[in-house]
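Trainee: The structure that follows is given in the form of structure tokens.
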Amino acid sequence: MELVFLGLLILFMVLALTAGFPVSFALPGSAVLAISLAALTGWMFESDTSAYFHQGGPIEWLSAGVTNFRSLYWDVERDTLIAIPLFVFMGIMLQRSKIAEDLLVKMAQLFGPIPGGLGISVVFVGALLAATTGIVGATVIAMGLISLPAMLRNNYSKPLACGTICASGTLGQIIPPSIVLIILADQLSSASDQASTERKADYKEATGEFNMPSEFDITSASAGDMFMGAFVPGIILVGIYMLYVLVSALIRPHSAPPVHYEGKFDRGFWLSVFLALVPPLALIFVVLGSIILGIATVNQAGSIGAIGAMIMAGYRLTAGRRTTYYPAILAVASIAGLVWVLSTWSLNIKNIGEGDALGLMLAGVFVIGLLIAILWSTWRTYVIDDTLRGVMIETAKTTSMVFIILIGASMLTSAFRAFGGEDLVKEQLTGIPGGFWAQFIVVMLVIFLLGFFLDFIEIAVVVVPIVAPILLADPSANITAVWLGVMVGLNIQTSFLTPPFGFALFYLRGVAPPTVKTLDIYRGAVAFIMLQLVGLAIAGWFPSLVNYLPYRTYLTSDTAPPPMNPRLQMCLEEMVFPVYAAEEGRIRGAVDQLGAAETGYLPEDWQKALAKSREEVLATFDRVKAVREAQAAIRDAAPKYRPLQEKVRAIQAELRDLDDETALLEQTKRRISRLESTEPEDIEKLDRRIAALAEEKKALEASVPADWDDVHTNFKKFIQAESAALNAYRRGVDSAYEPVGKLRAEIAQADALQKLDADLAALEPVIASEPPEAAMERIQEVERAVGALDGTNPIRSPLSKARRALKGDTVNREEAAAMLAQARQALADEVAWRSRAASDLAPRLAAYDEAIRDTIGLRMQPRLSTEQAKQVAACQSHHYDISLNF
């Protein structure tokens, strides 16, 4: 019966949407109606309101919907959604202030003289507007009003003109900053958590181990990651559009003839092009660049974009006045001044120094200047044509629409799960032959078909939470959430072009002249739908186009993880293992040079540590060979093992489903057996079904190949051998390099240690004559100074004993003096060997460090170099099959 109410839920939603009900009411209304009807039916026929729910009851699922409501507003971890109204404000402000119109006109004049130039300029401007506005309706309408008459006037093919405008207007959905990318990041964040939990459960089920290695976990996605991941595919899509227009113009010159500019390309023209093009490009660079460089979060970048758009609108609305550019100039000058101040002075208020006061005062002046510029521009947008009020109203409408749909979708998703829809989708998807890629293609096809009827927000918030955890959890593809989000975003983008409900088509139809037929718009859109699918295929076939930029930005940022991070190890080893073969002679030579150095004057511990380091370095080559051999053994055994593993894991998944269904039936049986109205036939029916499931389970267990345990045990030995070889290699290189850095640090501090002898000497009269409390305080101060240096425990220990000798009722000044003398002798010994090592050993130690730092010592470095980060990012941007470990 659960499936009946699941069907009714979908039917209610379809009927509500086709009847014209607003999406914000159709989604939650369908959920509440289906849940209420299921509860009422259960109460009438089973005397149990929970009878027809997959799990739980109506109260639990309605409460789950309310919880989802609250999570949108009160969960601080989901503050990404705050960026939506900021970017919406930025886009509408640029559109209302005619900035977008100026850009389109100037680019048309600039590119028009080349074949298809007017169409190429429309695509180019569409990309720029996408990166500044992200509002499909505003972009399509603006370009439809400005460029469509010009294209038709210059004998452009109607389908080509209409298709170019519609497709270019939809670029705002994939080129950041994009609302759909923010929504997808929010949805994929929850989906990644679910997928991670499921993958850990699968790992435990398959291996019997409770803790899954962190390198096998799901890579989640933030809005910033989504922006960076979508950037390159968006540019590729723009290039494909431009190439199509150019090829069309070359093959059929009459479809896109050149449009010659009637004016002169003089200084005034180029100045107008500069003023129309550079400010929007600067805004794009600041907004996206601040995210990519890690300077600002997505929310902060949205605030920058909104303020920048308002300053630009301020001078555009007052064009022709003497004071037109004053606020903009003041804002740019203030920002430049702040950048200079920040690069010259330290403005940390807690640690402000005497010389920083001037910098603080200048920063205050520049901040005031920036505030004046912002307030000045705000006042202009407020008083001129009531622009600010109109923008605020449209922003509130658009943002409210997005959030209401998000809330409604959360209710619909709760109802879908209440009737077992999520389990049904998972069962159907995982049952598709062909593995992950067959499942992925089916999901992409379903999203594409839904785009004919549903809006992008509905698809993102209804479909993605259901299918994303299933796809992300699959270890055979091991995809990233960023890649999945960008693929879904590219697919959703087609929903704006696909008839009969493609919104871009309707937007253009609303502003197109009567000579342009609806069929012309549809014909033009078909070619660009095909081009979008080509772009989707390119991003799918080359995942590094999506993944590389987020990984590179992360690994080169100030918050980059150290090379010791477990998630980086596979790619680090893929990078350094080939270097060992090329650098073996150089590394062995550095070991020999260090071994030839005189080290008898070093403390015994350091002599042993250096000898151990040389041994571990020389053993590294054999350990790398052992890792390679273990990996080769896995590759050789995998072709025979993998088909058997896939078959058995599929059987085991079916067995788990049977166990879940049996447990649910047992629960139902226990529940209804307590009801007085229960008929014996109902219990017997449940017993027969439970018995049938037991028989089915027995048959499935019998279908497991007889040699599975032996084959799995043998292959598991290969996996364990690889793990053991990798662990031995990693422990070895760490122990080989760790003493090098520590010893070099101690040697480098010889002079600093020598200077502390005067502080220790000054303690003698303090211990002899000053009150014990004051003497203890002075000793403790010296202890702290000594402790700030490396390897000073032989000095600190007697100082600590000296301080304790002065503590308590029995003050022993003689013992304290003896301990101080011992500390001074220890300091002298430390200075002696460190000073000698600074001249004799330090050069060889530096050469040794240089020879092994980027290979054997790479894991122990604080961070990767830029070049290393690029190589690791390139490695991580590919998807690696890890299913053999499950």
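The values are calculated or read from the model by the stated rules, or taken from the named source; none is laboratory data. As the structure is a computational prediction, the values presented were derived from the model and not from experiment. Reconstructed Cβ throughout: ideal geometry from the backbone, glycine too, with neighbour counts over all protein chains shown. Side chains included, ligands, DNA and RNA excluded: accessible areas come from the protein's heavy atoms. Shrake-Rupley method; radii C 1.70, N 1.55, O 1.52, S 1.80 Å.
Trainee: Using a 1.4 Å probe and ignoring any ligands, DNA or RNA, find the accessible area of Trp376 and quote it in Å² to the nearest 10.
Mentor: About 90 Å², rounded to the nearest 10.
Trainee: Sticking with this one: Can you work out the Karplus-derived ³J(HN,Hα) for every residue in segment 864-872? Use 6.51 cos²θ - 1.76 cosθ + 1.60 with θ = phi - 60°, whole Hz, and x for glycine or proline.
Mentor: Here the 3J(HN,Hα) series is 6, 6, 4, 5, 5, 4, 4, 5, 5 Hz.
Trainee: Counting only GluC sites (Glu not before Pro) that are in a DSSP loop and have at most 11 other C-beta atoms within 10 Å, tell me the longest site-free stretch of the chain.
Mentor: 263-597
Trainee: Hey, another quick one. What's the center-to-center distance, using Cα atoms, between segment 551-598 and segment 716-769 in Å?
Mentor: What the calculation gives is 19 Å, centre to centre.
Trainee: When the convex hull of the C-alpha atoms of segment 478-522 is computed, what volume per residue in Å³ does it have?
Mentor: Given the Cα convex hull of segment 478-522, per-residue volume reads 70 Å³.
Trainee: Identify, among Ile99, Ala590, Gly502, the residue whose Cα sits farthest towards the positive end of the charge dipole of the chain, taking +1 on the Cβ of Lys and Arg and -1 on the Cβ of Asp and Glu, with the dipole about the Cα centre.
Mentor: Ile99
Trainee: Taking the 0 to 90 degree range and rounding to the nearest ten, how far is the long axis of helix 813-840 tilted relative to the main principal axis of the chain, both from C-alpha atoms?
Mentor: 70 degrees
Trainee: Another question, if that's okay. Let me know the whole percent of all Cα-Cα pairs from segment 118-258 that are separated by more than 26 Å.
Mentor: Taking all Cα-Cα pairs of segment 118-258, the fraction more than 26 Å apart is 43 percent.
Trainee: Take segment 820-886, drop everything but the C-alpha atoms, weight them equally and run the Debye formula without solvent; then report log10 I(q)/I(0) at 0.11, 0.12, 0.15, 0.27 Å⁻¹ to two decimals.
Mentor: -0.56, -0.62, -0.75, -1.07
Trainee: If you place +1 on the Cβ of every Lys and Arg, -1 on the Cβ of every Asp and Glu, and leave all else neutral, what size is the dipole of the chain about its Cα centre, to the nearest 20 Debye?
Mentor: Charge dipole of the chain: 3220 debye, to the nearest 20.
Trainee: For helix 357-383, report the angle its Cα long axis makes with the longest principal axis of the Cα atoms of the chain; keep it between 0 and 90° and round to the nearest 10°.
Mentor: 0 degrees
Trainee: Mind ranking Ile311, Ile795 by accessible surface for me, highest first, 1.4 Å probe?
Mentor: Descending accessible area places them as Ile311, Ile795.
Trainee: Report the FRET efficiency, 1/(1 + (r/R0)^6), for Asn155 and Phe265, where r is their Cβ-Cβ distance and R0 is 30 Å, rounded to 0.05.
Mentor: Rounded to the nearest 0.05, the efficiency is 0.80.
Trainee: Which value, in debye to the nearest 20, gives the size of the charge dipole of segment 720-781 about its Cα centre, when Lys and Arg are +1 and Asp and Glu are -1 at the Cβ?
Mentor: For segment 720-781, the charge dipole is close to 500 debye.
Trainee: Per q in 0.16, 0.18 1/Å, what log10 I(q)/I(0) does a Debye calculation on the alpha-carbon atoms of segment 743-837 return?
Mentor: Listed by q, the Debye log ratios stand at -0.59, -0.72.
Trainee: Out of Phe274, Trp833, Ala481, whose Cα points farthest toward the positive end of the dipole of the chain (charges: +1 Lys, Arg; -1 Asp, Glu; placed on Cβ)?
Mentor: Positive-most Cα among the choices belongs to Phe274.
Trainee: Can you pull out the chymotrypsin sites (Phe, Trp or Tyr not before Pro) in segment 129-221 whose DSSP state is coil and whose Cβ has at most 14 other Cβ atoms within 10 Å?
Mentor: Phe210
Trainee: Only residues of segment 299-329 count here: report those whose backbone N is under 19 Å from the spot 7 Å along Cα→Cβ of Phe274, or say none.
Mentor: 312, 315-316, 319-329
Trainee: Can you give the relative contact order of the chain as a percent, counting alpha carbon pairs under 8 Å and 6+ residues apart?
Mentor: Rounded, it is 16 percent for the chain.
Trainee: Follow-up. Find the all-direction average of the projected area of the Cα convex hull for segment 550-621, expressing the result in square nanometres with one decimal place.
Mentor: Its Cα hull, projected and averaged over all orientations, spans 7.0 nm².
Trainee: Considering only protein heavy atoms and a probe of 1.4 Å, how much of the accessible area of the chain is carbon and sulfur, as a whole percent?
Mentor: Carbon plus sulfur share of accessible area: 61 percent.
Trainee: List, in order, the whole-Hz ³J(HN,Hα) value for each residue of segment 199-208 obtained from phi through the Karplus relation with A = 6.51, B = -1.76, C = 1.60 and θ = phi - 60°; use x for Gly and Pro.
Mentor: Result, rounded to whole Hz: 5, 5, 5, 5, 5, 4, 5, 7, 10, x.
Trainee: Work out the charge dipole of the chain with +1 on the Cβ of Lys and Arg and -1 on the Cβ of Asp and Glu about the Cα centre, then indicate which of Gln300, Thr219, Leu362 is farthest towards its positive end.
Mentor: Looking along the dipole axis, the top candidate is Leu362.
Trainee: Keeping all protein chains in place, calculate the accessible area per residue for the chain (probe 1.4 angstrom), answer in Å².
Mentor: Computed with neighbouring chains in place, this is 47 Å² per residue.
Trainee: On a 0 to 90 degree scale, rounded to 10, what angle separates helix 772-787 from the longest Cα axis of the chain?
Mentor: 60 degrees
Trainee: Taking Rh as the Kirkwood radius computed over C-alpha pairs, what is the Stokes-Einstein D of segment 488-565 at 10 °C in a medium of viscosity 1.306 mPa s, expressed in µm² per second?
Mentor: So the translational diffusion coefficient is about 103 µm²/s.
Trainee: In terms of modelled amide H atoms, which long-range or inter-chain residues lie less than 5 Å from the amide H of Phe419?
Mentor: Close amide H contacts, sequence-distant or interchain: His54.
Trainee: Another question, then. Across 10 Å bins from the origin, how do the percents of Cα pairs in segment 209-357 run, short distances first?
Mentor: It works out to 8, 20, 25, 24, 14, 6, 3, 0, in whole percents.
Trainee: On to the next question. One-quarter of the Cα convex hull surface for the chain, in nm²? Intermediate values should be presented prior to the final figure.
Mentor: On the way: hull surface 208.7 nm².
Its Cα hull, projected and averaged over all orientations, spans 52.2 nm².
Trainee: From the helices alone, meaning DSSP H stretches of at least four residues, give me the mean residue ellipticity at 222 nm for the chain, per-run term -39500 (n - 2.57), in deg cm²/dmol to the nearest 500.
Mentor: Values: 34 runs with 675 residues, N = 886.
After summing the helix terms and dividing by the residues of the chain, the value is -26000 deg cm²/dmol.
Trainee: Next question. Would you work out the relative contact order for segment 484-561, in percent, from Cα pairs under 8 angstrom that are 6 or more residues apart?
Mentor: Taking the mean separation of contacting Cα pairs over the length of segment 484-561, I get 30 percent.
Trainee: I need the calculated FRET efficiency for the pair Gln652 and Lys397, taking r as the beta carbon distance and R₀ as 56 Å, to the nearest 0.05.
Mentor: Values: r = 51 Å, r/R0 = 0.91.
Efficiency computed from Cβ-Cβ geometry: 0.65.
Trainee: For segment 762-886, give the magnitude of the charge dipole about the Cα centre (Cβ charges: +1 Lys/Arg, -1 Asp/Glu; no others), in debye to the nearest 20.
Mentor: 140 debye
Trainee: Modelled label-to-label distance, Leu644 and Glu701, 7 Å Cα→beta-carbon offset: nm?
Mentor: 2.1 nm
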